[in-house]
1. If I filter region B:243-259 down to residues being assigned to a helix (DSSP H, G or I) and out of contact with any Asp or Glu (no Cβ under 7 Å at 6 or more places or on another chain), which single residue comes out as surrounded by the most Cβ atoms within 10 Å (Cβ to Cβ)?
2. Just checking, does region B:6-18 include any residue being at pLDDT 85 or above and more than 21 Å from B:PHE182 (Cα to Cα)?
3. Within region B:407-450, track down each residue that is surrounded by fewer than 19 Cβ atoms within 10 Å (Cβ to Cβ) and in a strand (DSSP E or B).
4. Can you name every residue in region A:110-143 that is within 14 Å of chain B (Cβ to nearest Cβ) and either hydroxyl-bearing (Ser, Thr, Tyr) or on the phi > 0 side of the Ramachandran plot (or both)?
5. Scan region B:302-359 residue by residue and report those that are within 23 Å of the chain's Cα centre (by Cα), without any contact (Cβ under 8 Å) to a residue 60 or more places away in the chain, under 24 Å from B:GLY498 (Cβ atoms) and surrounded by 18 or more Cβ atoms within 10 Å (Cβ to Cβ).
6. In region A:1-56, what count of residues is obtained for those that are away from chain B (no Cβ under 14 Å) and either over 31 Å from the mean Cα position of the chain (by Cα) or of a type in the set (Gly, Ala, Ser) (or both)?
7. Assuming B:LEU483 fulfils every condition listed in (1) within 12 Å of another protein chain (Cβ to nearest Cβ); (2) in a helix (DSSP H, G or I); (3) among the hydrophobic types (A, V, I, L, M, F, W, C) apart from one, which condition is it?
8. Of all residues in region B:127-143, count the ones that are without any contact (Cβ under 8 Å) to a residue 40 or more places away in the chain and over 22 Å from B:GLU412 (Cα atoms).
Amino acid sequence: MTTLPAWAERPSRAGTLLKGAVLTFIAVAVLFPLYMVVLTSLSTQEAVSAAGGLVTVPGELSLAAYEQLFAGGVVTRSVLVSLGVTGVGTAISLSVTVLAAYGLSRPGSLLHRPMLFLILMTFLFGPGIVPNYLLVSSLGLIDSYWSLILPGAVSAFNLVVMRAFFMNIPAEVTDSARIDGASEFRILWRIVLPMSKGVTAVIGLFYAVGYWNSFFNAVLYLNDNAKWPLQVVLRQYVLQGQALVVGQSSEATVAGGQALPPSLALQMAIVVVALLPVLFVYPFVQRHFTKGVIIGAVKG
Amino acid sequence: MNTHPEGATTSRRGFLGLVGLSAVAVAGGGLLGACSAPTGTRPGSGGATAAAADKLTSLTPTYTAFPGVKPDLPGTVSTLPGVPDVSGGFTRYPATPTAALTQKAGKGGTYKAMTPLWGPPPPGLADNSYFQAANADIGATVEFQITDGTVYVDKAIARLAAGDIPDIMVIPSWEIDKMADFNTAVDKAFEDLTPYLQGDKVKPYPLLANLPTAAWQWSVWNGKLMAVPFPTEPYPFALLYRKDLFDKNGWNTNPKTADELFELGKEITDAKAKRWAFGSIHEMMWPTFRIPQEWRYENGKLVHKYETPEFELMLAFMQKVFKEELVHPSVVSSKGANEKDLMAAGQILVYRDGLGGWKELLQQHRGKNPDFAMGAFPVFAHDGGTPLMYHGTAAGIFTFVKKGLPKEKVEEILSILNWCAAPFGTREYELSNFGVEGKHFKRGDNGIPELTDLGRKEVAYTYGFLGGRPLYVDWPYPDAVKLNVEWQNASFQYLEKGPFDGIRVQRPSKYSGLQVPTEDKFTDIMRGRRPVSDAKQIVSEWQRDGGNEARDFYMKVLQDNGRA
């Protein structure tokens with residue numbers, strides 16, 4: 001038992017039990033669906049049929065769904081595409097966001113108010129699919145990986161968060177560096193960024209998850225399906241035989257084609273594959289979340 | 001712009017005396033922003049004459065049956081306007097498929113083709129021996145731009161609006177319905193195929209001439225033949241049941257009234273054994289209760305399906321079915337329940353689905369359970385009287401050719417589409433559906449092609465979308481093919497003859513938008529959350545919110561076509 005601070009009362013047994021029960025309930029509510037997904041992905045078709053849906057009690061297990069998923073080579077390729085786009089995209093987005101946020105956080109910088117205004121405008125108005133397509137097309141980015149990165153390279157939300165964070169860094173700190181003869185870039189690199197590891201990590205994660213999940217841009221701008229990122233490919237697997245859902249019969253007949261509808265196991269395997277990287281990265285970045293929130297809390 | 005019919009124009013397009021029409025609702029505002037056109041009368045509209053009708057009649061290609069293959073189960077020739085034939089079925093796969101074409105389709109050109117896909121994407125052309133083999137046989141390079149079938153419309157709209165059109169573009173009809181200004185876009189983006197295919201000009205493309213005329217009629221926009229159609233079968237859905245379980249238990253596979261269906265449901269539902277009679281069946285109950293598919297024209301008035309007395313009868317019946325707990329609880333509780341999985345597990349015994357769902361279930365489960373069998377209840381009427389059945393449209397998907405291509409390119413593309421339209425039983429069909437024998441498929445029992453591992457990886461339904469083909473029932477399950485074709489032939493005589501048959505009406509968007517909220521309210525009644533007597537109130541809300549407006553619009557369509 002840990003020693004309690006002098007001012008703290010010993011928690012009552014009932015209180016501890018209650019807290020434990022509530023926390024267990026919440027944990028189960030979160031983990032149980034995940035457990036079902038993972039278990040179903042590892043079950044045979046017979047086990048899934050017997051359960052009549054998601055499997056809750058382990059039956060016969062098999063890796064067949066994962067084998068099927070990675071057998072084609074298309075999924076493997078798309079994983080590489082997604083990793084590449086996520087890596088390059090996050091680096092570009094983060095660099096641009098940090099530079100812009102720093103510039104906009106300095107009160108005296110050139111045209112910073114009109115620029116900020118323009119950026120904030122994108123919160124309110126989205127251009128819509130067709131104008132976006134026209135832009136990407138006229139930049140010659142159709143069928144290029146850059147079409148997944150450049151149109152959404154800067155998120156106004158992330159930029160504003162980062163700018164607000166930079167503005168909280170006391171002017172005395174940067175001023176002292178300036179007196180020591182540091183350039184703006186050096187101040188950013190040596191002073192501001194090291195003080196902003198938390199927010200940078202968090203925003204980097206936001207960008208990375210965004211790129212990893214990029215779907216719609218890829219559908220729109222990539223015609224060559226060899227270039228598809230993971231999410232688009234995985235969705236195609238889930239869609240198999242799903243045209244029926246769209247509406248009327250003709251579609252059902254039409255789309256019946258030769259393809260076999262996917263087993264639930266395969267669909268769940270897809271969910272797992274799409275989820276895993278984010279699930280792994282999250283705990284490492286998570287500590288920065290708390291840090292990011294706490295910083296500044298006691299400074300007033 | 002809320003007032004119909006001012007906000008909508010109707011125009012005439014005659015076919016064989018029944019006048020094909022395209023009524024465009026512009027009230028919804030332009031979706032194809034960059035292509036939006038002034039509203040108002042379009043060319044060819046208004047004051048149509050017999051001459052105009054004659055001209056339009058001659059738009060479709062002359063039908064010439066392809067003599068190479070004959071289904072061993074004959075279908076039914078349709079004489080109903082706009083309703084496709086039942087093409088018949090094949091109970092066996094031909095030992096030596098005949099070559100449909102005697103010379104190469106292509107002339108060495110390279111074309112990009114955008115198609116939807118609902119399934120795992122194949123590797124691209126460079127890494128795909130199936131694409132390479134098919135292209136080699138065609139004698140041209142078709143490079144597919146495969147797009148997710150469920151978001152196809154977004155990409156199609158963007159490309160149409162940006163003028164970034166592939167050489168060959170496939171657009172499903174249900175996506176066209178979502179494009180407000182497609183009638184304008186189609187002229188700007190796609191080549192008029194009338195000079196190439198009209199009447200006897202189709203002769204160089206014998207397999208396109210083999211497509212049913214009813215399907216071609218749907219390919220006409222603005223008085224021009226704009227696309228190659230993908231024919232569909234007449235029936236939107238049927239009541240499918242687990243034939244193996246029914247046969248084993250000696251249950252009634254031919255209920256003749258709604259009461260018999262209800263009694264059957266009570267008999268076979270056993271919640272303790274995790275077995276329920278029904279999945280969702282109410283849409284099939286509509287024709288069973290002789291509710292019109294959409295509108296009924298009587299005594300000079302249009303009556304919508306919701307407004308018919310039969311609709312209330314149906315609601316009361318469904319309420320009884322739900323109250324007796326004859327519907328699987330997962331179907332009751334959630335919209336997303338996978339009824340096919342529940343059917344496969346024997347937890348549901350009867351559900352409503354398209355005939356394609358029948359094949360899918362067999363594909364999924366015959367392999368492991370050779371006894372697995374499905375059937376379709378013969379159509380019946382709730383009171384034991386003459387049954388009624390709905391019909392779909394004659395074409396579901398269209399293939400367009402980019403506008404402005406030189407004549408020889410268009411001809412080469414049409415020749416490629418002709419190759420793609422090769423029917424079941426030909427060598428070209430085999431190549432486009434299964435790939436190369438020994439490499440992508442091998443012959444299993446009864447000589448039916450079965451995909452190899454490489455085939456499963458590389459073969460994707462792509463060429464098939466380009467050409468359309470007569471819709472034979474060509475499943476590799478002879479017993480099911482027989483049942484299916486029998487059901488289709490037997491049901492054909494009961495197809496509803498609606499007031500708008502053969503007329504092409506684009507639904508006003510406001511009216512379409514009413515459907516889901518209104519039917520949600522009816523669902524409340526069926527589930528017993530509201531009394532059946534509330535139906536009248538729901539109908540009057542529907543009338544107030546746009547139903548009456550839609551009625552005026554549709555009435556005008558009838559009047560414009562001389563049917564009212």
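1. Going through the qualifying residues, I end up with B:ALA258.
2. Residues of region B:6-18 that are at pLDDT 85 or above, as a first pass: none.
Within region B:6-18, none of the residues are at pLDDT 85 or above and more than 21 Å from B:PHE182 (Cα to Cα).
3. Passing the criteria: B:GLU437, B:LYS442, B:ARG443, B:GLU450.
4. Within region A:110-143, A:GLY128, A:TYR133, A:SER137, A:SER138, A:GLY140, A:ASP143 meet the criteria.
5. B:GLY356
6. Qualifying residue count for the region: 24.
7. The one condition B:LEU483 does not meet is (1).
8. 1
The values are calculated or read from the model by the stated rules, or taken from the named source; none is laboratory data. All figures in this text were calculated on a predicted structure; none of them were measured in a lab. Cβ atoms come from the backbone with ideal geometry, glycine included; neighbour counts cover every protein chain shown.
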